[in-house]
């Protein structure tokens, strides 16, 4: 092992390189190799749903990580909506960005961010990769959607600033993402390299507006994206582009905090070059902290370190660039995290909960057709659950009303029999279903099998109500009701709108907003 420095100064190149790395791992306990690398200076760890059993276990895990390296960054993807890690087993008890943007109450946005921060601080996390400040200008976006505050740059900017301020009041560092903007894409950078055809002036007028606001609000970190902006740098994805990272973010936007990469195991970053080479190029471009992935190994990290050492020895990567990156990462440890007296479970009164659910439901888009069909019905009839494939960022966390039913037998009973539709499964006999038929899914218009199922049901019946809990198409063809989010809390609001929650007397009606 390298000589440890209690002051955190890098005495050798290997230690500085390790400080720039942020891997993930499998399991709920830190493996020995990871603890050993933390002692050698590893920059930190990214926590995923697979690492969490409950809040107490996570606090113990994080304490072991910080014991091995007191300057370790303990990061997590907790966006407070569809993308959740702390509540991966039951869905997030927060509205999510798109609904917050529709309500457009900056104090509510800041309050939600504070609740997220308090829950994370109680577990010993130090950074959350949020808020998502992408301007979701493309309704066919497969990876951003309801993670965005909206399609208007000014609205996204003011909520980005409110979220950053609210979160960082709790001692958790924010990470505005995905620089320079992932909103105008129709591809997922986890799976491919999206190409964005915008000029630098267009980028400044729209995508960069929320990043400027987040920087002005004091965001401690900013996460880059794996996009190819063909009119600005046709050779390098944004994460690996000196022109975008150093020239635009560090110099033009004057950001002085930690620049962190999105995961380098994503196809948009390493698909053609491999993770070690992507790591080298990210450091050359000006990134400081390199997310590696969700299930990494000691061998992978050794390969990355070796590749960076070779790049330094050849003169391709200045050693000073590595030292500067490592110093910025270590400085994150000075952020004022104080978890004394905090708990991961908050409490809210039943009245407050009910008021919030009503407020969320009022922000849904409900068509006149949906209102007429629901008001004419004596009950909710049949629920057709459409399971479309979620993005890797969202994963398999419970969603919508089905998340609300996971830990509530009363809600589950009130929902009744649910017909599940997924790609490759036959559409049920429409005439045999009790009405009205509520079709519930996410981003329905983007999935041909879901569109075909809705069309088939509508061709036979006139009591079909389509509920899209994702980002609907511009013409709302497959969204009689659009909720703009599918977190557990949004699912509860939908049940309240439909009258199902009121009839059950379920404990879900008084569940804590931050539990």
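Only the coordinates and a few stated rules stand behind these numbers; no lab work does. What you see is a predicted model, and the numbers here were worked out from it, not measured in a lab. Quick reminder, even Gly has a Cβ in these numbers, built from the backbone with ideal geometry, and neighbours come from all protein chains shown.
Things to note:
- log10 of Debye I(q)/I(0), alpha-carbon scatterers only, for the chain at 0.05, 0.11 Å⁻¹: -0.19, -0.90
- The relative contact order of the chain comes to 17 percent, based on Cα pairs under 8 Å that sit 6 or more residues apart.
- For segment 350-510, the fraction of alpha-carbon pairs lying more than 22 Å apart is 37 percent, rounded to a whole number.
- Tensor-based shape of segment 124-276 (alpha-carbon gyration tensor, a/c under 1.5 rounded, otherwise prolate or oblate): rounded
- Between 0 and 90°, nearest 10: helix 488-498 axis offset from the chain longest Cα axis: 20
- The separation of segment 191-266 from segment 385-461, counted between C-alpha centres, amounts to 37 Å.
- Taking a ≥ b ≥ c as the square roots of the eigenvalues of the Cα gyration tensor, segment 26-87 is classed as prolate, since a/c reaches at least 1.5 and a/b is larger than b/c.
- Share, in percent, of DSSP beta bridges within the chain that are antiparallel, nearest 5: 5
- Against the chain, whose longest principal axis comes from its Cα atoms, helix 106-121 is set at around 60 degrees.
- Between segment 10-77 and segment 96-126, the C-alpha centres lie 25 angstrom from each other.
- As a rough footprinting exposure proxy, the listed residues 199, 487 were ranked by other beta carbons within 10 Å of their own, and the order from fewest upward is 199, 487.
- As a proxy for reagent exposure, 182, 380, 226, 407 were ordered by neighbouring Cβ count within 10 angstrom, fewest first; the result is 407, 380, 226, 182.
- From least to most packed, judged by other beta carbons within 10 angstrom and beginning with the fewest, 244, 357 follow the order 357, 244.
- C-alpha long axis of helix 350-362 to longest principal axis of the chain, angle in °: 80
- Mean separation of Cα contacts under 8 Å (6+ apart) over length of segment 160-285, as relative contact order %: 28
- Based on C-alpha pairs under 8 angstrom that are at least 6 apart in sequence, segment 350-510 has a relative contact order of 34 percent.
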